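The next block holds one structure in the form of structure tokens; read it before the comments.
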Amino acid sequence: MAFRRACSYTATIQTPEAPSNYSAILVTFAQDGTNIIEKDETEITIGDVNIVVQLDQTETKQFVCGKKLFLQVRCYKSQYEAPGSAIWALDVCPVLNDEVLT
């Protein structure tokens with residue numbers, strides 16, 4: 001998976017159970033061991049079987065090209081039902097002009 005820096009990005013992710021079964025969902029984007037963007041259930045779209053996470057141009061502009069970006073989803077249902085996804089590595093591709101368009 002890859003996306004262009006300073007461009008919008010949408011990820012559709014299937015959770016282990018219906019997203020509505022969880023009281024908390026956290027999506028984290030990290031690079032170089034630092035969490036850059038975190039979105040919770042109030043900032044993502046909750047579907048019947050998946051979640052949709054969107055980043056805008058300003059958000060993706062924070063990432064450094066040529067370095068892997070890591071994405072992980074964590075969910076919370078109860079003390080012993082708090083699954084975490086695999087950590088997905090994403091390529092951050094360059095853009096010729098990183099001006100945020102309006």
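The values are calculated or read from the model by the stated rules, or taken from the named source; none is laboratory data. Since this is a predicted model, take the numbers as computed values, not measurements. Ideal geometry is used to build each Cβ from the backbone, glycine not excepted, and the neighbour counts take in all protein chains shown.
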* Any chance you could count how many residues in segment 46-73 are within 14 Å of Ser23 (Cα to Cα) and surrounded by fewer than 15 Cβ atoms within 10 Å (Cβ to Cβ)? => 0
* Asked: Taking Val100, is it in contact with a Lys or Arg (Cβ under 9 Å, 6 or more places away or on another chain), in contact (Cβ under 8 Å) with a residue 40 or more places away in the chain and farther than 16 Å from Ala2 by Cβ?
  -> yes
* **Leu101, sole failed condition from (1) farther than 19 Å from Thr10 by Cβ; (2) surrounded by fewer than 15 Cβ atoms within 10 Å (Cβ to Cβ)** => (1)
* When you scan segment 36-66, how many residues do you find that are within 18 Å of Ala2 (Cα to Cα) and at pLDDT 95 or above? -> 16
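Of all residues in segment 22-40 being touching a residue at least 12 places away in the same chain (Cβ under 8 Å) and out of contact with any Phe, Trp or Tyr (no Cβ under 9 Å at 6 or more places or on another chain), which is nearest to Gly66 (Cα to Cα)?
Within segment 22-40, the match that is nearest to Gly66 (Cα to Cα) is Asp32.
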* To do: Among the numbered conditions (1) in contact with a Cys (Cβ under 9 Å, 6 or more places away or on another chain); (2) crowded, with 16+ Cβ neighbours inside 10 Å; (3) in contact (Cβ under 8 Å) with a residue 60 or more places away in the chain, tell me where Pro19 comes up short.
  => (3)
